[in-house]
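So the structure is just underneath, and the comments pick up after that.
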Amino acid sequence: MQVMNSMSMRMKLIIGILVLALVAAVGFRMGWIGAKPRQTGPRVVDVKAIQLVAKDTPISYEFVGEIEASDSAQIKAKVTGNIVEKYVVGGANVKQGQPLFRIEARQYETTVLSSDAAVAESEAALNLIRRDVIRYRQLAAHGAISQQSLDNVLAQETQALAKLEANRAKAAQARLDLRDTLVVSPMAGRIDVKDIGIGNYATAGQTTLATVSAIENVRVKFSMSENEYLKLFARLKGMGALEPGHKINLRLSDGQEYPLAGSIEQVDSGMGQGTGTMTLKALVENPQKMLLPGMFARVVATGEVRKAAMVIPQRAVQELLGKTFVTVVGEGEKAEPRPVKMGPRVGSGWVVEDGLKPGDRVVVEGALKAAPGTMLKVTMIDG
C-alpha cells in the first residue's frame, strides 16, 4: 500500500513538472515571458523634404522626334546595261562626284563613233550645198537662172543645216550616255548597304543603284497633337516660340543630352488630315555623325518664362482618383496631406500652380510611410 502511494506521488510530481515546462514554453512563444516593454510613445517616420522657393523658371515642352537625313538621293541608272565595276561598299562615306559604279560602255562608245560620222557627213553635205548657193546667187544676179532655181538651192541649204544640227544633238547625247556609264555620287554623304552588285542589269530611269544620305546635318521630325497645339497657343499667346529659327535641344534615347542645339526649320501649315497632328522639322548639326537616320530622340523646346514659379520633383506628387496631392511637414513636425494643382512639367520637376506657398516643406522621400498626423523626422535636401 505504501509502495502504491509512493508511485502515485512520483507521477503527480512528474506531471506537475511537465505542465510547468509547457506553460513556460508557451509563455516564451507568446511573448509573456522575456518580452520587452512595449513603446507607448508616438511613431516617428524618417523622411526627406525640400523647402519651396519661388523663382523665374523657363518652361520647356517635349516631343518625340525621329531623325532624318537632311538630304537624301536615290541614284538611278541613266543608261541601260550590265554593271561591270563597283568602287564602293555599302555604308561607306562618299564625296560629291566620287565614282560609285560603271555600266558596260561598249555600245555607247560605238554610238559615239557612229554619231560623229553622221555629223561629218552632214557637214560635208552642207559645205557642198553652200558652194552651190554661192554659184546660184551669181548666176541669178546675171539672169542666167530663174529665181525659183535659187530658192530651191537655198531650201536645200536650210535642210542640210537642220540635219547637221540634229546629228550634232545626237552626237552630244551619245557622249552624255557614254559619260553616264560612270555613275558618281551627286552629293557627299553615306551610301546605304542595299547597293546593287556587279553583274546586275540596270535599266535607265528605273533601277536604283544606291541611296546616299547627307548626315553632316540632320533633321529631326516631330509632331504635336491638336490638344497640345491649343494648349501651347494659349500659354504662349501664339505660336512664336515654335516658329522657324527657334532653338531646340535633343535628349537621346539613353537619356544623355546631345551637345549641339538645333533650330526649327519647317512648320506645317495645318493639321494633317486623318492624323490630327502638326508636323515640325528642326535642323541639327552632326559633325561627329553621332545622329543617324531612324534614331529617336526627345525634342526639348523652351517656351515662356514662368515668373515666381515653384517647382517640385515629380516623385513628390501622388495621384489618386484624378486628384493630385503632396505631403508637407505641418505644425509639430507632423505629416499633412495637401491637395495641389499642377502646371506644366519642367524636366524631372513639376510646376505647382495652387496649394503650396514659398517656404513650405514638401516630403519627397518616405511620404507613403507617413499617414496623416504621423510624427516626422525630417532631413532637408536640395530641391
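The values are calculated or read from the model by the stated rules, or taken from the named source; none is laboratory data. Small disclaimer: the values here were computed from a predicted structure and weren't measured. Cβ atoms come from the backbone with ideal geometry, glycine included; neighbour counts cover every protein chain shown. Please note that ligands, DNA and RNA were not included when accessible areas were found on the heavy atoms of the full protein model with its side chains. Shrake-Rupley method; radii C 1.70, N 1.55, O 1.52, S 1.80 Å.
Inside region 325-350, can you point out the residues that are of a type in the set (Ser, Thr, Tyr) and surrounded by 14 or more Cβ atoms within 10 Å (Cβ to Cβ)?
Result: Thr327, single match.
Specify the residue that is modelled with the highest pLDDT; the eligible residues are those in region 194-206 that are in a loop (DSSP other than H, G, I, E, B) and crowded, with 16+ Cβ neighbours inside 10 Å.
Restricting to residues being in a loop (DSSP other than H, G, I, E, B) and crowded, with 16+ Cβ neighbours inside 10 Å, the top hit is Ile196.
Does at least one position in region 362-377 carry a residue that is over 13 Å from Gln318 (Cα atoms), of a type in the set (Val, Ile, Thr) and at pLDDT 85 or above?
Yes, that holds for at least one residue.
Write out, first by first residue and then by second, each pair whose Cβ atoms fall under 9 Å of each other, whose residues are 6+ apart or on separate chains, and whose first residue, in region 303-324, is on the phi < 0 side of the Ramachandran plot and open to solvent by 80 Å² or more (accessible area, probe 1.4 Å) while the second is among the aromatic types (Phe, Trp, Tyr) and not in a loop (DSSP other than H, G, I, E, B).
Listed pairs, sorted by first residue: Glu319/Phe325.
Give the residues of region 162-193 that are assigned to a helix (DSSP H, G or I) and open to solvent by 70 Å² or more (accessible area, probe 1.4 Å), sorted by residue number.
Our first condition is that a residue be assigned to a helix (DSSP H, G or I); within region 162-193, this holds for 162-179.
Selection gives Lys163, Glu165, Arg168, Lys170, Gln173, Arg175, Leu176, Arg179.
Assess whether Lys357 counts as being over 29 Å from Leu280 (Cα atoms) and not in a strand (DSSP E or B).
So Lys357 fits the description; yes.
Tell me which residues, restricted to region 351-374, are exposed (fewer than 15 other Cβ atoms within 10 Å of the Cβ) and of a type in the set (A, V, I, L, M, F, W, C).
Leu368, Ala371 - these are the residues of region 351-374 that are exposed (fewer than 15 other Cβ atoms within 10 Å of the Cβ) and of a type in the set (A, V, I, L, M, F, W, C).
Let's see how each residue does on (1) part of a strand (DSSP E or B); (2) of a type in the set (S, T, N, Q); (3) more than 15 Å from Arg298 (Cα to Cα):
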residue: Val220; (1), (2), (3): yes, no, no
residue: Pro259; (1), (2), (3): no, no, no
residue: Gly272; (1), (2), (3): no, no, yes
residue: Thr275; (1), (2), (3): no, yes, yes
residue: Thr279; (1), (2), (3): yes, yes, no
residue: Val284; (1), (2), (3): yes, no, no
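Listed here are the residues, each with its yes/no results for (1) in contact with a Ser or Thr (Cβ under 9 Å, 6 or more places away or on another chain); (2) surrounded by fewer than 16 Cβ atoms within 10 Å (Cβ to Cβ); (3) assigned to a loop (DSSP other than H, G, I, E, B).
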{"residue": "Val89", "(1), (2), (3)": "no, yes, yes"}
{"residue": "Gln96", "(1), (2), (3)": "yes, yes, yes"}
{"residue": "Val112", "(1), (2), (3)": "no, no, no"}
{"residue": "Ser115", "(1), (2), (3)": "no, no, no"}
{"residue": "Ala120", "(1), (2), (3)": "no, yes, no"}
{"residue": "Ala124", "(1), (2), (3)": "no, yes, no"}
{"residue": "Arg131", "(1), (2), (3)": "no, yes, no"}
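Just one of (1) farther than 30 Å from Val218 by Cβ; (2) in a strand (DSSP E or B); (3) of a type outside the set (Phe, Trp, Tyr); (4) modelled with pLDDT under 85 trips up Ala301, so point out which.
(1)
For region 280-302, what are the residues that are closer than 21 Å to Gly347 by Cβ, within 11 Å of the chain's Cα centre (by Cα) and open to solvent by less than 20 Å² (accessible area, probe 1.4 Å)?
Within region 280-302, Ala282, Val284, Ala297, Val299 meet the criteria.
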